[in-house]
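Student: Got a structure for you, questions after.
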Ligand SMILES: [Zn+2]
C-alpha cells in the first residue's frame, strides 16, 4: 500500500460498494428533510416538511417545539423520500447516508443524527456527518456542476451571515461574518415589529414591491476593514423610526429596510469577490431567496464580468438534497463517521481536504 | 424467563435514554441477555448507537435478526427521550417492525420488583426527577393473593399515576397518605434527589433508591417481553412519540416579543 495517493487511500480502504445514491437527512433547524441524490449531482427525490406554521405564533423558531416536531415528522418524511426515489424501507439502492450534525439547534440535530445512525446500522451502508454550512455551499453545485474556482459564497440565512472563499470543494476560508444578528434574523425581527408576521423574509420581500426603497435612509453599518456585517443597529434604527412615526407606510419602511440590508450584503460580497479574484459570486441560505438580493447580485456580477450563481429558491432554503450532495462528495473522498458521531450546535466550517 | 419464545418474539432490542443512564439490551427468547449501559453523562446521542452495536455483537446476531423493539418513552430528559425514540422509530421503520413503548415509571417499578422481591416490593412508588424542583411519580401494587409469579412483572393492573408534575412536598404528602395502607418502596432518581425529605418518613422504604435510580435496558427488555407475551400490540413506528408530560418551553431568546403594531389588513381590503 506504500505510495498510494493520499486522497484515495481512505476510499479504497473502506471497501464499501461504489457510492452512487446517497440519502441526505437534515434536521438542524425547523425543516425536517430527507432526499436521495445520485452521483452528487442529480436530485432523485427531495422532501422538505416545514414547521413554519408551528413557530409562526411565536415569531421565530422555538427550539423545544422544533425538536418535538422533528420526532413526529421523521418517519413520514423518510418514507416519502425513499418511495419517490424508487426505494423503500429496506434502503434498496442507497449506498450511503449523510446527515447534518451541526451547526444548528442541538435538540433538533440529535433527532436526525439518531435516525441516520439507525439506518446506517440496519442497511449496512456508510454514514457521514455533514456541516450544514458546507451543505449550503454544495446546493449551487447541484444546479451548476461546472462552477469555476475560486468563488466567493455569500451565505445568508436566519442563523448565519458569512462570506466564504471556496478555492475548491472542501477548501474554505471564512472571510467575514456577522458580529450580531444574522441577516435573516433581522428580517424576522423587523417584520414582527412592523406587524408582517413570520417568517419575515418573504413577507418583507412581498410588501417591499409596493414601497419606496428611498423613503427612509436607514444606516448601512459595515464594521471594520474586512468583510464583517452588523444588522442590530439597522434593526434599532427601524424600530426607532416607526416609534417616532407610527403612521409610516409599512411598505415604505419594509422597502427601505430591505434596501439597506441588500446594499450592505452586496457591497461587501462584491469587494470580497474582487479581493480574491473570484470567478463567480454565489448565493446560499434562505435569504438568498430574496428577490432584490438576487437582482442586485446578478447586476454587479454582470458589471464586474464574473459569474453569478443563484440557486433556485428550493435549494436556498434548508433541504436535504444539499446535505446528500455534500455527503456524496465526502463519502467519495473516503470520509466516514463512526456510530459515536456527535451533534455539535456550534460546528465550525473548516477545510478538511 | 420461561416460555417467552411462545409469546411472539425471538430477539428483542430495548433502548433506554430517559435518564443519565444510556444503553441497550438484547433479549432472546431462550433467555439469553446482553446489556450495555453508560451512566453519568449527557451524551445520549453519542452513546446509544455504539451500545446497540455492542449488544448485537455480544449476542452474536445482527439487527436483521431483531424481531421486536422496545423503548422508554419517558417521562425523563427531553433530549435523551428524543434520541431514544428517534432511534427506535428509524430502526422500526427500516426493519419493518412496530415498537413497544414503555414509560420510565413502569420500568422503574419493574426494576424495584426485580431487586426487592415480591414482599418488599409489594407496593412501589416510582419517582422520576423532572428537574425545576419537580418530579413525576406513579404508585404500583404487585402480587397480592391473586398475583401469580410471572405476571407480577407487568406493573399495570394496579397503578396510580400522577400524570402532572409534583413538588417534593406534594410527593411527600402523597406518600404519607399511601403508607396508611402499608409500607411503600420508593425508587427512581427523583427519590435519590429528595432522599433527605423522603427517607425519614415512617413506612417509606428508600433503601433501594440508589440501586434502582434509573430505568435499566435489561428491565425494559424483560418487561416488554412480558407485555408482548400478554398480548400487547406494538405501536407503528410512525406513531411512537415521547411522553414529555410537560409543555414545550416557548422561548426563542429574542428581546422583543409581541408585534408593536397591528398586522396590515388582509389583501384587497
Ligand atoms: Zn441553513
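The values are calculated or read from the model by the stated rules, or taken from the named source; none is laboratory data. None of these values were measured; they are calculated from a predicted model. Neighbour counts are summed over all protein chains in view; Cβ atoms, including those assigned to glycine, are modelled from backbone coordinates with ideal geometry.
Student: Considering (1) under 21 Å from the mean Cα position of the chain (by Cα); (2) surrounded by fewer than 20 Cβ atoms within 10 Å (Cβ to Cβ); (3) over 25 Å from residue A:203 (Cβ atoms), say which one residue A:305 fails and leave the rest.
Tutor: The number of the failed condition is (1).
Student: Now for a different question. Residue A:118 is checked against (1) under 24 Å from residue A:79 (Cα atoms); (2) in contact with a helix residue (DSSP H, G or I) (Cβ under 6 Å, 6 or more places away or on another chain); (3) within 16 Å of the ligand (Cβ to nearest atom) and fails just one. What number does that condition carry?
Tutor: So the condition that residue A:118 fails would be (3).
Student: Only one of these is more than 12 Å from every other protein chain (Cβ to nearest Cβ) and more than 13 Å from the ligand (Cβ to nearest atom): A:130, A:156, A:113, A:152. Name it. Break it down into steps so the answer makes sense when it comes.
Tutor: Working: A:130 fails: more than 13 Å from the ligand (Cβ to nearest atom); A:156 fails: more than 13 Å from the ligand (Cβ to nearest atom); A:113 fails: more than 12 Å from every other protein chain (Cβ to nearest Cβ).
The unique qualifying residue is A:152.
Student: Any idea which of A:331, A:341 is more than 16 Å from the ligand (Cβ to nearest atom), within 14 Å of chain B (Cβ to nearest Cβ) and modelled with pLDDT of 95 or more?
Tutor: Working: A:331 fails: within 14 Å of chain B (Cβ to nearest Cβ).
None of the other options fit; the residue is A:341.
Student: Give B:122, B:126 a once-over and let me know the one that is modelled with pLDDT of 95 or more, buried (at least 20 other Cβ atoms within 10 Å of the Cβ) and more than 23 Å from residue A:111 (Cα to Cα).
Tutor: Details: B:122 fails: modelled with pLDDT of 95 or more.
The match here is B:126.
For (1) assigned by TED's automatic domain parsing to the domain that holds residue A:271; (2) touching a strand residue (DSSP E or B) at 6+ places or on another chain (Cβ under 6 Å); (3) closer than 28 Å to residue A:280 by Cα, each residue gets a yes or a no:
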| position | (1), (2), (3) |
| --- | --- |
| A:117 | no, no, no |
| A:127 | no, yes, no |
| A:155 | yes, yes, yes |
| A:170 | yes, no, yes |
| A:181 | yes, no, yes |
| A:193 | yes, no, no |
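Student: How many residues, within the stretch B:23-63, are more than 21 Å from the chain's Cα centre (by Cα), part of a helix (DSSP H, G or I) and in contact (Cβ under 8 Å) with a residue 12 or more places away in the chain?
Tutor: Going through the stretch B:23-63, the residues more than 21 Å from the chain's Cα centre (by Cα) turn out to be B:29-32, B:53-54, B:56-63.
Filter again for part of a helix (DSSP H, G or I), leaving B:53-54, B:56-59, B:63.
With in contact (Cβ under 8 Å) with a residue 12 or more places away in the chain added as a condition, the list becomes B:54, B:56, B:58-59, B:63.
The total comes to 5.
Student: Can you pull out the residues in the stretch A:64-110 that are crowded, with 24+ Cβ neighbours inside 10 Å and within 16 Å of the ligand (Cβ to nearest atom)?
Tutor: A:66, A:70, A:98, A:99, A:100, A:101, A:104, A:108, A:109
For (1) surrounded by 19 or more Cβ atoms within 10 Å (Cβ to Cβ); (2) under 30 Å from residue B:131 (Cα atoms); (3) more than 10 Å from chain A (Cβ to nearest Cβ), each residue gets a yes or a no:
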| site | (1), (2), (3) |
| --- | --- |
| B:43 | no, yes, no |
| B:64 | no, no, no |
| B:72 | yes, yes, yes |
| B:75 | yes, yes, yes |
| B:93 | yes, no, no |
| B:101 | yes, yes, yes |
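Student: Exactly one of these conditions fails for residue A:252: (1) farther than 13 Å from residue A:191 by Cα; (2) modelled with pLDDT of 95 or more. Give me its number.
Tutor: That leaves (1) as the condition not met.
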